[in-house]
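Student: Here it is, the structure, as C-alpha cells.
We did not get these values from a lab; they are worked out from the coordinates using the rules stated. The structure presented is a predicted model; accordingly, all values stated were derived computationally and were not measured. Every residue, glycine among them, receives a Cβ derived from its backbone with ideal geometry; neighbour counts consider all protein chains shown.
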Amino acid sequence: MGTLSATGIRAIKTPGRYHDGGGLMLVVGKNSRSWIVRIKEPGPAGRRRDIGLGSAALVTLAEARGAAVMVRRQVLAGIDPVVERRRALEQIPTFRIAATKLHGELKASWKKDGKHHDQWLSTLETHVFPSLGDRLIDGITGGDIRDVLLKSVDDKRGALWLELPETARRVRQRIGAVLDWARANGFRETEAPLRSVNRTLPRQPKSDGHFAAMAFSEVPDFMKRLRERDASSRWAVEAAILTATRSGEIRGARWVEFDFEAGTWTIPANRMKAGKVHVVPLSASMLALLKKAKKVATGDYVFPGQNLRKPMSNMTMTKLLRDMGVTDTVHGFRSAFRDWVAEETTFPAEVAEAALAHAVPDKVVAAYKRTDFLAKRRQLMAEWASYCEGAKAKVVRLPRRPAVKG
C-alpha cells in the first residue's frame, strides 16, 4: 500500500511533491496536478529520471500506481519506457511494411517495367522477411543484418553470403536502403550500420564471368604505377578515379563543361544516366591534370580518340588496364570509392551517393535535398584524391568487390 489516498489527494492544496512509494509522486502546482515516477537506470552508473504518467485529473491513484509498476518492470528488463511510448505513438513500422512502402516509391522512379521491379522485393521476401519482416524497423542492428547474410540458404547449402554472392550483395544493399528510408522518415535515429557488417563478413568467392572491382586499399599503389605510364589514356583513367564518374562521362567530357575558377565540372543532363545535370567538384589533383591536358588540347574533347573530333573509346581505357596487368574495369573504381567512403570516412551515405550521381526515390531525397551537398562533396573528393595519392594509405589485401552498377 502507498502513503497517499484518494481522499487525501483531494485535500492537498499546497504546491509540492507528494510521495506515494515505489518512486510514484503526485506533483502539485498552482494550477496543475500530475503524476510522475522516478526510476534509476540499471547499472552502477545508471542515472535517475522522472517519467510523466499523466494529469491527476485524468489518471486515478490506482491507475498511476499500475502505470508506475509497468514502468519499473520495463526498466528492469532494459527497456526505455519513454522510447516505448514514442514507438506506440508514432506507429513505428515493421521491416516488411517499410520495405513495401520503399518499393512502391522506387517503382515510380524506375524508367521501365520488368523483372527488376519484382526481384527487388522478392529477394527480401525470400531471404529477409522470415527473420526480420515482423521486427520494428528502429530496432534492427548490424548483427541482425549479418545474421541474415550468414544464414543457410537451405538444408543443402551454406551461408547466403558465400553460396549466392551476388544475391547476398543485393540483399545487403536493399536492407540498407530500407533502413536509410526509415531514418529519412523519422523512424530510426541512425542510418543502416553497414560499415560494421562489411568488416565482419567473410571473403566471398570470386564470381565467374565478372571483372572484380579493385579494392580501395590497392588504389594508391595503382595510381602510382598509372602515373608512370606514357599512354595517352592514362589521364582519362586517372580522371575517372579522381572524380568517381562513369567512363562514358569521362570520355565524353568537353572543355566547355569545366569552370577552372570555380573548380567544377558540369555534366549536362543528356550525358548522365539519371538524365539530370551533375556538378562534380574538382580536387587540386584533378585541376592539375586538366591543366596539363589543356596544354596539348587540339579540339573540344578533353580526352579525344585517334580522331580528334571524337571521344576516346572505352576499349582504349580498358586496354591500358590490361597492359598494366589489371583485370578490373574502369567502372570498378566507383566501387572502390564507395567502399572507401563507407569504411574509412565519416561522410554520410547520402553525400557518397550524390558524388556517384546515383538516383534515389524522391520522398527519401525530400528529407535532405535542400542542397546538392556540393560543399561536402568538395571536401570528400579532396580527401579521396589525397588517399589515392598515398596519404596515410596502407596497402592491405581485401576481398575484391563487383563493380557498382550504374
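Student: Which one is right for this structure if Rg and Dmax of the Cα atoms in Å is calculated from it: (1) 24.1, 70; (2) 24.6, 78; (3) 28.4, 98?
Tutor: From the options (1) 24.1, 70; (2) 24.6, 78; (3) 28.4, 98, the structure gives (3).
Student: For every helix of n ≥ 4 consecutive DSSP H residues, a contribution of -39,500 (n - 2.57) applies; sum these over the chain, divide by its total residues, and give [θ] at 222 nm rounded to the nearest 500 deg cm²/dmol. The partial results should precede the final answer.
Tutor: Values: 19 runs with 190 residues, N = 406.
Taken over the chain, the calculation gives -13500 deg cm²/dmol.
Student: Further, regarding this structure: With a cut-off of 8 Å between alpha carbons and a minimum separation of six or more residues, what is the relative contact order of the chain in percent?
Tutor: Dividing the mean separation by the residue count of the chain yields 14 percent.
Student: With springs connecting C-alpha atoms under 10 Å apart, model the chain as a Gaussian network and identify which of 142, 104, 23 has the largest mean-square fluctuation.
Tutor: Top of the fluctuation ranking is 23.
Student: Starting from the Cα-Cα distance between residue 261 and residue 40, subtract it from 0.36 nm times their residue separation and give me the gain in nm to one decimal. Mind dumping the intermediate values first?
Tutor: Values: separation 221, 0.36 × 221 = 79.56 nm, distance 5.94 nm.
So the extension gain works out to 73.6 nm.
Student: Quick one: dipole size for the chain, taken about the Cα centre, charges +1 on Lys/Arg Cβ and -1 on Asp/Glu Cβ, in debye to the nearest 20.
Tutor: Computed about the Cα centre, the dipole is about 420 debye.
Student: In the neighborhood of residue 239, defined by Cβ-to-Cβ distances under 12 Å, what is the net charge if each Lys or Arg adds +1 and each Asp or Glu adds -1?
Tutor: Residues near residue 239 contribute +2 overall.
Student: Specify which residue in the list 55, 171, 132 is farthest towards the positive end of the charge dipole of the stretch 31-176, using unit charges on the beta carbon of Lys, Arg (+1) and Asp, Glu (-1), about the Cα centre.
Tutor: 55
Student: Now, a different point. For residue 257, what charge total do you get from the other residues with a beta carbon under 12 Å from its beta carbon, if Lys and Arg give +1 and Asp and Glu give -1?
Tutor: -1
Student: While we're here: How much net charge surrounds residue 26 when only the other residues with a Cβ under 12 Å from the Cβ of residue 26 are counted, with Lys and Arg +1 and Asp and Glu -1?
Tutor: Numbers: positive: 10, 17, 33, 65; negative: 20.
Spelling it out: positives minus negatives among the neighbours equals +3.
Student: Taking a threshold of 25 Å on the Cα-Cα distance, which of the pairs 224/292; 224/273; 107/273; 151/273; 276/376; 224/294 fall above it?
Tutor: Values: 224/292 17 Å; 224/273 30 Å; 107/273 17 Å; 151/273 35 Å; 276/376 20 Å; 224/294 22 Å.
Cα-Cα > 25 Å for 224/273; 151/273; rest within.
Student: First check a/c for the stretch 181-281, with a ≥ b ≥ c the square roots of the eigenvalues of its C-alpha gyration tensor; if it is under 1.5, answer rounded, and if not, answer prolate when a/b is larger than b/c or oblate otherwise.
Tutor: The shape class here is oblate.
Student: Let a ≥ b ≥ c be the square roots of the eigenvalues of the Cα gyration tensor of the stretch 24-166; is it rounded (a/c under 1.5), or, if not, prolate (a/b larger than b/c) or oblate? Let's see the in-between values first.
Tutor: Values: a/c = 4.13, a/b = 2.20, b/c = 1.88.
Note, shape of the stretch 24-166 comes out prolate.
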